[in-house]
Amino acid sequence: LTGVLDDCLCDIESIDDFNTFKIFPKIQKLQERDYFRYYKVNLKRPCPFWADDGHCSIKDCHVEPCPESKIPVGIKAGSSNKYSKAANNSKELEDCEQANKLGAVNSTLSNQSKEAFIDWARYDDSQDHFCELDDERSPDAQYVDLLLNPERYTGYKGPSAWRVWNSIYEENCFKPRSVYRPLNPLAPSRGGLGSVCHFSWTGLCLEKRVFYKLISGLHASINLHLCANYLLEETWGKPRWGPNVKEFTRRFDPGETKGEGPRRLKNLYFLYLIELRALSKVAPYFERAVVDLYTGNGHEDAESKALLLDIFRDTKSFHMHFDEKSMFAGDKKGAKSLKEEFRLHFKNISRIMDCVGCDKCRLWGKLQTQGLGTALKILFSEKEIQSLPENSPSKGFQLTRQEIVALVNAFGR
């Protein structure tokens, strides 16, 4: 791939250089830190759209939850909105119930700060959410060590996997007039794949083009991970994982995909740009002293925050960011309606991830969808981020630990 991406002034070569030499080595280190490696997820939520067609029985689909003893004390003690030391003191551990009522109030805080915390706990930010978030208090929600459950090809495929992506594209995505996609494996064979007319963006506004590209980029990203970490053979019970060039060709070669493959890969670059832009925009939220990536290990927490801020400095130095101000810029009423449509479509896609039959695929699908949803939430909250108070919890904009972990790991993927 070479050249300029559609709908932005950025070229592929610049993204490759920037990512390879500046971002990737640091983001990889960050993902290995305790704060970012443990993700709480509910893999037992029922599919809200169709009767569950059974879970994948392949052993590589299984996700190994983390034993309580392995979770860092600061992460285990915290509820969804607690990310600072102030919100995780030992008195609070003794009285979890009271802490939950107050939304993580430290008894040493001033009354003014207490009120801010209570307001924060009350503040209903569901209007800003692009994702259906798991209830972390559910008994089915478990911590997963992402380093021990890597994303890779498990053998999950066929009608069940096809139905998930088909539902995303056909029912929840604004899309170009014609895009080549494999036909329904449930339908009787008609001999060949049939002809598809030329790709056309006619009548699709910028916002809807962006939405389609993000979903296509997410799909390409997940497919690339599966091709790059594929079960090549299993001898004497010892699996060998590695890149599968044949599978990559099947999914991305122009000849195999009627010219669609390179466009899918370009959409992956576009997804990268959007998440990169979100990281550069959210920096002021984390630059405040009140935000501490708390695990209970002071030295590690300080190093994690320093590394995160270093990554933010790099993201700000990138000179060809996507300009999100060009989106939803029409008349106020129309723009608001379109933004809400955009948000609800994406929220539905996040719910479809609960229909994925393979636990490992569901884990990484939910995480990457939530990461993208968090990026969108950031991009549409610029004013709130700019007006954050320096030394007290933020009422107008906040991120849960889950959203922070999802954002960093999705961008890392």
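The values are calculated or read from the model by the stated rules, or taken from the named source; none is laboratory data. Keep in mind the model is a prediction, meaning the values are calculated, not measured. Note that we place each Cβ from the backbone using ideal geometry, even for glycine, and neighbour counts take in every protein chain shown. For the accessible areas, the whole protein counts, side chains as well, though only heavy atoms, and no ligand, DNA or RNA atoms are used. Shrake-Rupley method; radii C 1.70, N 1.55, O 1.52, S 1.80 Å.
Scanning the stretch 381-395 for residues that are touching a Phe, Trp or Tyr at 6+ places or on another chain (Cβ under 8 Å) and either assigned to a loop (DSSP other than H, G, I, E, B) or not charged (D, E, K, R) (or both) gives Ser381, Ile385, Leu388, Pro393, Ser394, Lys395.
Against the definition (within 23 Å of Arg351 (Cβ to Cβ), modelled with pLDDT under 80 and surrounded by fewer than 16 Cβ atoms within 10 Å (Cβ to Cβ)), how does Ser126 come out, yes or no?
Details: within 23 Å of Arg351 (Cβ to Cβ): yes; modelled with pLDDT under 80: yes; surrounded by fewer than 16 Cβ atoms within 10 Å (Cβ to Cβ): yes.
Yes.
Here's a check for you: in the stretch 339-373, which residue that is of a type outside the set (S, T, N, Q) and surrounded by fewer than 20 Cβ atoms within 10 Å (Cβ to Cβ) is nearest to Cys47 (Cα to Cα)? The selected residue is Arg351. One residue is enough: does the stretch 323-334 have a residue meeting the conditions within 19 Å of the chain's Cα centre (by Cα) and surrounded by 23 or more Cβ atoms within 10 Å (Cβ to Cβ)? So far as the stretch 323-334 goes, no, none of its residues is within 19 Å of the chain's Cα centre (by Cα) and surrounded by 23 or more Cβ atoms within 10 Å (Cβ to Cβ).
Check the stretch 275-284 and report whether any residue there is of a type in the set (Val, Ile, Thr) and either at pLDDT 95 or above or assigned to a helix (DSSP H, G or I) (or both).
Kept after step one, since they are of a type in the set (Val, Ile, Thr), are these residues of the stretch 275-284: 282.
Still in the running and either at pLDDT 95 or above or assigned to a helix (DSSP H, G or I) (or both): 282.
The answer is yes, given that some residue of the stretch 275-284 is of a type in the set (Val, Ile, Thr) and either at pLDDT 95 or above or assigned to a helix (DSSP H, G or I) (or both).
Of all residues in the stretch 28-50, those being outside any helix (DSSP H, G or I) and of a type outside the set (A, V, I, L, M, F, W, C) number 10.
Within the stretch 374-389, residues that are open to solvent by less than 40 Å² (accessible area, probe 1.4 Å) reach partners that are among the hydroxyl-bearing types (Ser, Thr, Tyr) with beta carbons closer than 7 Å, at six or more positions or on different chains, in the pairs Ile385/Tyr285; Leu388/Tyr285; Leu388/Ser394. With respect to the stated conditions, Thr400 is touching a Leu at 6+ places or on another chain (Cβ under 8 Å) and surrounded by fewer than 22 Cβ atoms within 10 Å (Cβ to Cβ).
Being in contact (Cβ under 8 Å) with a residue 24 or more places away in the chain, over 27 Å from Tyr39 (Cα atoms) and under 21 Å from the mean Cα position of the chain (by Cα) holds for only one residue in Leu307, Leu265, Leu279, and it is Leu265.
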